[in-house]
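First comes the structure, then the notes that go with it.
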Amino acid sequence: MNTINAKAFGTIAADASLEEMTIARREVLAKDIEIEILYCGVCHSDLHTARNDWGGTQYPAVPGHEIVGRVTKVGSEVTKLKVGDLAGVGCLVDSCHTCDSCKNDLEQYCLNGFTGTYNGRDIHLGGHTYGGYSQKVVVDEHFVLKVPANLNLAAVAPLLCAGITTWSPLKHWNVGKGSKVAVVGLGGLGHMAIKLAKGLGAEVTLFSRTPDKEKDALELGADAVVISTDNNQMNAVSGKFDLIIDTVPYVHDVNPYVATLSISGTLVLVGYLGGLEPILNTVPMILGRKSVAGSVIGGIAETQEMLDFCGKHNIVSEIEIIKMQEINEAYERMLKSDVRYRFVIDMASLK
């Protein structure tokens, strides 16, 4: 298969810094779209993959799955977009298209395993896929998204992971006017959960361990902030929330939050993978038909719905723009939660 070279930033080992490298992209096939990447968001998953925190990273690794740019080439059978259009690519670049999940627009739950934008199996070139820390990307048109032209393009990038990760549970659990939604954790995911829930008409509360996030949360649209370490404040919201979106990325006690769910309410974990400690107490769950659930990203149709909604309601991420060459420093700052609330790389710096 014919390939083209592209400049990229990646790492050759878990303990190595990210640096400039050259990668191969396929020439466009009949259903493919080639995108010049203008901006790429920086997600915690990028850092975890680069450093092999989850195991299974294939090197060289080129992270990045919050991609926005401009279409530079289209294959002969492409109908979705044309050269010059704005386009986005999120966490998925392929799936089997044939299983029940894929047929129901749930590609993120592909029963045969979806292809991640990076560190996935590259069925065209062999080896593994490379992400958006690069000049260009070539993707099957089904997995390319239309980007609303009225939004700040750099600030759209994090919608393709942080946005859809919080939008999907909001939609699945039917959040709308009159819903009472709480968000645990105010980071890249949490700040989008507040904005999107508010956009859908919900009454939104932030759970925070310390009062220092209160001003930010209210500016982002939250109606209230509850300090989760204050028993009086927690007791005051007992049985209140229809849905809690828990964005905390490490092991933590979810039992105090379950107590704040209404009858038939759900706490959905979107940030943490692994065992819960301390153990989940089922008493309030059984006596109140309460659920603890999980959710990951969203399907392509759902992601497009979210982008269209954001275009209509002028919702984007709060971002700090960095140069590609500053990525190693940005990773260290991310580990300290020293970003408000998402880094976005200006890919012009790679030229």
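If I ask for residues that are loosely packed, with under 13 Cβ neighbours inside 10 Å and not in a loop (DSSP other than H, G, I, E, B), which ones from region 268-293 would you list?
Within region 268-293, Val283, Ile286, Leu287 qualify.
Would you pick out the residues in region 237-247 that are open to solvent by 20 Å² or more (accessible area, probe 1.4 Å) and either among the charged types (D, E, K, R) or within 20 Å of Ala197 (Cβ to Cβ) (or both)?
Of everything in region 237-247, those that are open to solvent by 20 Å² or more (accessible area, probe 1.4 Å) and either among the charged types (D, E, K, R) or within 20 Å of Ala197 (Cβ to Cβ) (or both) turn out to be Gly239, Lys240, Asp242.
Which of the residues that make up region 115-174 are closer than 17 Å to Val28 by Cα, open to solvent by 30 Å² or more (accessible area, probe 1.4 Å) and small (Gly, Ala, Ser)?
Gly126
Being of a type in the set (Asp, Glu) and in a strand (DSSP E or B) is true for just one of Glu320, Glu305. Which residue is that?
Being of a type in the set (Asp, Glu) and in a strand (DSSP E or B) holds for just one of Glu320, Glu305, which is Glu320.
Could you count how many residues in region 64-79 are assigned to a loop (DSSP other than H, G, I, E, B), under 29 Å from Ala50 (Cα atoms) and either open to solvent by 10 Å² or more (accessible area, probe 1.4 Å) or aromatic (Phe, Trp, Tyr) (or both)?
Selection size over region 64-79: 1.
Within region 5-42, track down each residue that is within 25 Å of Glu141 (Cα to Cα) and without any contact (Cβ under 8 Å) to a residue 60 or more places away in the chain.
Result: Asn5, Thr22, Ala30.
Quick check on my filter: what residues within region 201-250 are within 26 Å of Arg289 (Cα to Cα) and touching a residue at least 60 places away in the same chain (Cβ under 8 Å)?
Lys240, Phe241, Asp242, Leu243, Ile244, Ile245, Asp246, Thr247, Val248, Pro249
Can you confirm whether region 311-318 contains a residue that is of a type in the set (Lys, Arg) and closer than 28 Å to Pro63 by Cα?
No, that holds for no residue.
Can Gly265 be described as in a strand (DSSP E or B), assigned by the TED database to the domain that holds Val184 and not aromatic (Phe, Trp, Tyr)?
yes
The values are calculated or read from the model by the stated rules, or taken from the named source; none is laboratory data. Remember, it's a predicted structure, so these values are computed and weren't measured experimentally. In this analysis, Cβ positions are derived from the backbone assuming ideal geometry, glycine residues included, and neighbour counts consider all displayed protein chains. Heavy atoms of the whole protein, side chains included, go into the accessibility calculation; ligands, DNA and RNA do not. Shrake-Rupley method; radii C 1.70, N 1.55, O 1.52, S 1.80 Å.
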